[in-house]
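Note sheet for the following structure.
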Amino acid sequence: MARLPILNLALRSIGNRRATAILTVLTVAISVMLFLGVEKVRHGARESFENTISGVDLIVGARSSPVNLLLYSVFHIGDATNNITWESYETVASAPGVAWTVPISLGDSHRGHRVIGSTPGLFEHYEYGGGRHLEFASGAPFEDLFDAVIGAAVARDLGYRTGDEIVVAHGMGEVGFIEHDSNPFTVVGVLEPTGTPLDQSVMVTLDAIEAIHLGGATGSGSTLSAEELRARDLTPDQLTAFYVGLDSPVAALRLQRAINTYPEEPLQAVIPGVALAQLWSIVGVAERTLAAVAAFVVLTGLVSILTAILTSLNERRREMAILRALGARPHHVFLLLVAEAALIALAGAGLGTIATYGALNALAPLLEARFGLVLPGLTPGLYDLGIIGAVTGAAAVLGFFPAWRAYRNSLADGMTIRL
Amino acid sequence: MSTTTAPPALALSNLHFAYTRRSADVIAIETLRVEAGERIFLRGPSGSGKSTLLGLISGILEPRSGELEILGQSMQTLSSSRRDAFRAAHLGVIFQMFNLLPYLPVGENVMLPCRFSDERAKQAQAAGGEQAEAKRLLERLGLDAKEVWSQRASNLSVGQQQRVAAARALIGKPGLILADEPTSALDADSRDAFISLLKEECTASGAALLFVSHDGGLADQFDRALDLQTINTASVKETV
């Protein structure tokens, strides 16, 4: 039985039913494309999400829940339950092992976009996408009191460029009822897209936030001129939250406990990675549903192979009888059909993978520029080989069914050919 | 091996077969013998047990009792896989029609037995190589080997297909050729031409020929003629 040409026969036999085979291969290819595409975007989204903020060891805010703190301090969703005092901030900032801190003050907006009051340290220390620093598309970090830096999406949506003047409103919403219009800001920098909430933000100095509220937190803003304001001590009393960088990340847990048990004020410190993973476990349901749907589509593709082979079985009884007469054993008939199913699946999965990566490579620059979504790995890797292998293997297993029927037929028919 | 000492191509005695354990015999043959190189005509109208007998001889079916020897090899002593291997090596089979795999070109169809049996491949090698031997047989059977070699089998006429099937049955010098109504789809002229070519080539390669047909008129062209209805004494008639 040496040199048994089962594979060769399977290939030729598939070639003989080219139209059906091509359609089946396409079905599998499309299903694999969908699956891989969903997987890629899923991982990209997850990674992008979990890398929304990195390089920060702790986020400190008022005591609520870790997810809540993360939501308002990083994603700018919802509001802080409470502010924290400047004294607490200074205590933590001067604690041993703390390398840097970036204070965050939220509460104002510009035409629906959050305004973040912070220090230039934000641009230095904020990292995303696993160690990528913020970069400026134009301009530079804020220096002067009424300087503002805007995110890429803000610049795109509102058509702002460096040098434009903007007015900040109190609270959130498209239309601010109280506008701090006596103290307009000047856009001095526009950030590159990051895929983080910073794209949607307007960043100003912490002092400016204090300055525009001097007239009272709910007032119409300060009426003092910029010069007069500069002369004042604009150290704020309160903060929304702050980011902490440590000399050594090992100290994070110890400092976290110290902050959480800080006696002067109910504070809470979260490790961003942990809180992000927690948050993802909530929003990740949609992502897993998508993956499950994609997996079922692949199953549909596999079943279409089964259908194609099963419908061909009766017309192929003669072929099997000829093979039997030539000395093929029943298990060769079995193998022939399994090989056909596997080959179709292999071709489909291979084609699907190539098409997926072709499309991803074509779309990647767009995705990154528009959404800051950086897709991990734009060349097929072990994972994709694994998928191709799994699809081929699954098809082979499904192929057992028609193969078994053909096997039974060939045992029953022998060399007798029934027309 | 000289012809005098060669074992018979086919020797069966007291052969009984039924499709299920309890059903009555479909085949009951006291004796049937085909000498090596002999060309036998076996008349068998439908229902005479023809297909079943061919299944038994080719080792796909197992007899209920009796002795069945092909080329001196007792088939009962072989496992089903050994019987498959034996069939691949020593039997050439020609069916009534549609003998060829439609998706293989003619040349590959002819060489197919060499893929399933090392012995056939070796014999073909010894005869000058698989391709050369396949082409020689095609030519001998009256086909233009060059012209048909790469054609799809389905492009050939029925008569041409039967010749290709004969070439495939003969490649690698099997000891016994089973032909099951190979000419029933042919017109009278090409039928006689086919039979004489087949006989010639069987003689040339030393193969015995068991030619089964319902058409008793062909009997004259063979060394000896038998009637399956006479030798098969089973009461139940084959329904296939």
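The values are calculated or read from the model by the stated rules, or taken from the named source; none is laboratory data. Everything numeric here is computed off the predicted structure, so don't read it as measured data. Every residue, glycine as well, gets a Cβ built from its backbone with ideal geometry; the counts of neighbours run over all protein chains shown.
Listing for the model above:
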quantity	calculated
Residue match in segment A:48-56 (condition: closer than 29 Å to A:Y262 by Cβ, without any contact (Cβ under 8 Å) to a residue 24 or more places away in the chain and out of contact with any Leu (no Cβ under 6 Å at 6 or more places or on another chain))	no
Members of segment B:44-69 found to be over 12 Å from B:L15 (Cα atoms), in contact with a helix residue (DSSP H, G or I) (Cβ under 8 Å, 6 or more places away or on another chain) and away from chain A (no Cβ under 13 Å), listed by number	B:G44, B:P45, B:S48
Pair list, Cβ under 7 Å, 6 or more apart: segment A:20-46 residue among the charged types (D, E, K, R), other residue assigned to a helix (DSSP H, G or I)	A:E39/A:A291; A:K40/A:L360; A:R42/A:E287; A:R42/A:L290; A:R42/A:A291; A:R46/A:W280; A:R46/A:E287
Filtered residues of segment A:230-247 (kept if more than 14 Å from A:T101 (Cα to Cα) and of a type outside the set (K, R))	A:A231, A:D233, A:L234, A:T235, A:P236, A:D237, A:Q238
Residue under evaluation A:G55, criteria (1) at pLDDT 85 or above; (2) in contact with a His (Cβ under 8 Å, 6 or more places away or on another chain), criterion not met	(1)
Of all residues making up segment B:6-39, the number that are in a strand (DSSP E or B) and of a type in the set (F, W, Y)	1
Any hit, segment A:94-102, residues being buried (at least 17 other Cβ atoms within 10 Å of the Cβ), within 14 Å of chain B (Cβ to nearest Cβ) and in contact with a His (Cβ under 7 Å, 6 or more places away or on another chain)	no
Total residues in segment B:65-105, condition of a type in the set (F, W, Y) and without any contact (Cβ under 8 Å) to a residue 40 or more places away in the chain	1
Considering residues of segment A:343-363 that are farther than 16 Å from A:S31 by Cβ and among the aliphatic types (A, V, I, L, M) only, the residue surrounded by the fewest Cβ atoms within 10 Å (Cβ to Cβ)	A:A362
Condition broken by A:V32, with the remaining ones in (1) surrounded by 22 or more Cβ atoms within 10 Å (Cβ to Cβ); (2) aliphatic (A, V, I, L, M); (3) within 14 Å of chain B (Cβ to nearest Cβ) satisfied	(3)
Test: residue in segment B:168-190 that is in contact (Cβ under 8 Å) with a residue 24 or more places away in the chain, over 25 Å from B:I70 (Cα atoms) and assigned to a helix (DSSP H, G or I)	yes
Test: B:A204 is over 15 Å from the mean Cα position of the chain (by Cα), surrounded by fewer than 23 Cβ atoms within 10 Å (Cβ to Cβ) and in a loop (DSSP other than H, G, I, E, B)	no
Residues of segment B:134-166 satisfying the condition of being assigned to a helix (DSSP H, G or I) and more than 23 Å from B:S184 (Cβ to Cβ)	B:A134, B:K135, B:R136, B:E139, B:A145, B:K146, B:E147
Residues of segment B:115-133 classified as within 19 Å of A:I322 (Cβ to Cβ), within 10 Å of another protein chain (Cβ to nearest Cβ) and part of a helix (DSSP H, G or I), total	4
Single residue of segment B:70-106 satisfying the filter (touching a helix residue (DSSP H, G or I) at 6+ places or on another chain (Cβ under 7 Å) and more than 10 Å from every other protein chain (Cβ to nearest Cβ)) that is nearest to B:A11 (Cα to Cα)	B:I70
Close pairs from segment A:149-161: first within 17 Å of A:F123 (Cα to Cα), partner surrounded by 16 or more Cβ atoms within 10 Å (Cβ to Cβ) and hydroxyl-bearing (S, T, Y), Cβ under 6 Å, at least 6 apart	A:I150/A:Y160; A:G151/A:S201
Residue satisfying all of: in segment B:140-196; of a type in the set (K, R) and over 29 Å from B:T52 (Cβ atoms); surrounded by the most Cβ atoms within 10 Å (Cβ to Cβ) among these	B:R140
Check on A:S13, out of contact with any strand residue (DSSP E or B) (no Cβ under 6 Å at 6 or more places or on another chain), part of a helix (DSSP H, G or I), buried (at least 22 other Cβ atoms within 10 Å of the Cβ) and within 13 Å of another protein chain (Cβ to nearest Cβ)	yes
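To keep it simple, each residue is scored yes or no on (1) within 14 Å of chain B (Cβ to nearest Cβ); (2) in contact with a strand residue (DSSP E or B) (Cβ under 7 Å, 6 or more places away or on another chain).
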| site | (1), (2) |
| --- | --- |
| A:L255 | no, yes |
| A:E265 | no, yes |
| A:P272 | no, yes |
| A:G284 | no, no |
| A:A294 | no, no |
| A:I305 | no, no |
| A:A308 | no, no |
| A:I322 | yes, no |
